[in-house]
Amino acid sequence: MIKLFRNIRQNLLNEGKTSKYFKYAIGEIVLVVIGILIALQVSNWNKQNEDRKLEKRYVSELILDLQKDSIFIADTRQTSYQQMLSKSKLTEYFEGQQFTEDSLIVYFGDQWKPVPKFNPITTTLDELKSTGNIRVIQNSTIRRKILETYNYYTTHINNTQERYHIQQNALGNLVISKVPNLFVEFYKTKEKIDIKPVLDDYEIKNCFLGNFANGFNEALRELQTKNAELLYALRNESEKLLK
């Protein structure tokens with residue numbers, strides 16, 4: 001094809017048909033430009049098609065990650081809620097209400113054993129950030145909500161969760177120092193602990209009252225809400241992408 005065009009141009013020049021040559025040359029340039037534009041359009045279409053496939057995959061994988069987080073948060077919050085209820089009962093005991101020693105031992109055991117730490121699954125988010133592919137998620141509101149939710153996770157872990165576990169570790173260490181045979185008596189021999197002197201110890205009581213169980217449970221509720229909101233938004237977005 002190139003050789004044919006070259007021959008046509010050469011013949012026009014040899015015949016002295018300059019005006020026709022220029023018209024032909026302009027036409028040839030136009031054809032080249034059109035060809036380039038078509039090639040660019042095809043390339044752009046392919047890129048957009050690839051981006052849409054990536055977007056569907058990322059949204060789907062984010063949903064799976066968040067679903068696993070949701071299960072863990074729900075289980076953790078349930079454990080935390082039990083700890084909060086037990087703290088309420090022990091507070092009533094300190095205020096003069098009577099309980100059986102067996103009940104007090106259960107309430108006591110719930111207090112100094114910390115709730116499991118939340119470590120979110122960030123595999124998909126990490127890939128989005130490291131590759132710069134966060135851009136393939138077209139909905140800017142969704143993009144912002146993804147980043148805000150995972151930033152909230154980080155804030156929860158570094159602040160609320162860290163504070164809670166520091167206080168729980170302090171309470172646990174204090175209890176063990178005050179009741180050195182705790183594990184032997186309760187977990188191995190199953191003998192009853194003389195619980196009232198333990199609870200009436202000023203240091204243990206003071207540390208227990210400041211163990212942040214109530215605040216931590218509320219923080220987990222907020223974490224669960226953030227997770228649920230993003231999951232809802234991503235599921236709606238996934239349905240739109242599949243249409």
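The values are calculated or read from the model by the stated rules, or taken from the named source; none is laboratory data. Being a predicted model, the structure only gives us computed values, none of them experimental. Methodologically, a virtual Cβ is constructed for each residue, glycine included, from the backbone with ideal geometry; neighbour enumeration extends over all protein chains shown. These area figures cover heavy atoms from the full protein model, side chains too; ligands, DNA and RNA do not enter into them. Shrake-Rupley method; radii C 1.70, N 1.55, O 1.52, S 1.80 Å.
Of all the numbered requirements in (1) assigned to a helix (DSSP H, G or I); (2) within 17 Å of Ser88 (Cβ to Cβ), Glu237 misses one, and that requirement is (2).
Applying a threshold of 7 Å to beta carbon distances and a minimum spacing of six or more residues, or different chains, the list of pairs starting in segment 78-107 at a residue that is among the acidic types (Asp, Glu) and ending at one that is not in a helix (DSSP H, G or I) reads Glu101/Lys192.
In segment 116-128, the residues that are within 26 Å of Tyr164 (Cβ to Cβ) form Cβ pairs under 7 Å with partners that are exposed (fewer than 14 other Cβ atoms within 10 Å of the Cβ), at six or more places apart or across chains, as follows: Ile121/Lys68. Here Val115, Val106 are screened, and the one residue that is surrounded by 13 or more Cβ atoms within 10 Å (Cβ to Cβ), β-branched (Val, Ile, Thr) and assigned to a loop (DSSP other than H, G, I, E, B) is Val115.
Residues of segment 122-159 that are open to solvent by less than 50 Å² (accessible area, probe 1.4 Å), farther than 30 Å from Lys89 by Cβ and within 13 Å of the chain's Cα centre (by Cα): Thr122, Thr124, Leu125, Leu128, Ile146, Thr149, Tyr150, Tyr153.
If you take the residues of segment 201-221 that are charged (D, E, K, R) and farther than 14 Å from Tyr81 by Cβ, which of them is least open to solvent (accessible area, probe 1.4 Å)? Once the filter is applied, the top-ranked residue is Asp201.
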